[in-house]
Amino acid sequence: KKKFKKFKNIEIFNENFNLFNYEINKYDLILDRGSLTHNKIVNIESTIKNIYHGLKKKAYFFSSIFSNDHFYSTKSKDQKSFSFMTKDGSGVIANFFSEKEVKKLYSNFKLIELTKQVREIKYPVNQNFSMWNIICQKE
């Protein structure tokens, strides 16, 4: 917010995607840096729909979600992952998507760019950190 303070036409929101009250056809850009992927599928689908309606025509949505090639990908019923990163070992909700699933999730948008970013870690444990970076546009 400090960086863009001098620009009076820029509003920056740091909100919960699921609870945010999207105004219809208002936003030029919505950015998700790995937040959506940590929700239940039904909430992800609902939020993407709300984002679509909130964007102006020709506006952009940038999103990053986990690829199913990620080293911690799971298909368990409760979708809990990353238990090693939480103090109580319970994990957090995480979803991992194939290319086909990504295209379906963002199907209302014009897909501008779909990039699979893979970072291969060799030490201390051989594993892949894999994300989809999506740039899409409301037509």
Q) What number goes with the only condition from (1) in a helix (DSSP H, G or I); (2) modelled with pLDDT under 95; (3) open to solvent by 40 Å² or more (accessible area, probe 1.4 Å) that D78 does not pass? A) (1)
Q. In region 3-27, what residues are out of contact with any His (no Cβ under 6 Å at 6 or more places or on another chain) and open to solvent by 100 Å² or more (accessible area, probe 1.4 Å)?
A. K3, K5, K6, K8, N9, E11, N14, E15, L19, N21
Q.
Return the pair list, or none, for Cβ contacts closer than 8 Å from residues in region 40-52 that are at pLDDT 95 or above and acidic (D, E) to residues that are crowded, with 17+ Cβ neighbours inside 10 Å and in a helix (DSSP H, G or I), at least 6 apart or on different chains.
A. E45/L105
Q.
If I ask for residues that are touching a helix residue (DSSP H, G or I) at 6+ places or on another chain (Cβ under 8 Å) and either open to solvent by less than 70 Å² (accessible area, probe 1.4 Å) or hydrophobic (A, V, I, L, M, F, W, C) (or both), which ones from region 100-121 would you list?
A. L105, Y106, F109, L111, L114
Q. Limited to region 31-62, what total is found for residues that are open to solvent by 80 Å² or more (accessible area, probe 1.4 Å), in a strand (DSSP E or B) and among the hydrophobic types (A, V, I, L, M, F, W, C)?
A. 1
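The values are calculated or read from the model by the stated rules, or taken from the named source; none is laboratory data. Just so you know, these numbers come straight off a predicted model, no measurement behind them. Using ideal geometry, Cβ is built from the backbone for each residue, glycine included, and neighbour counts are taken over all protein chains shown. These accessible areas exclude ligands, DNA and RNA; they are computed on the full protein's heavy atoms, side chains included. Shrake-Rupley method; radii C 1.70, N 1.55, O 1.52, S 1.80 Å.
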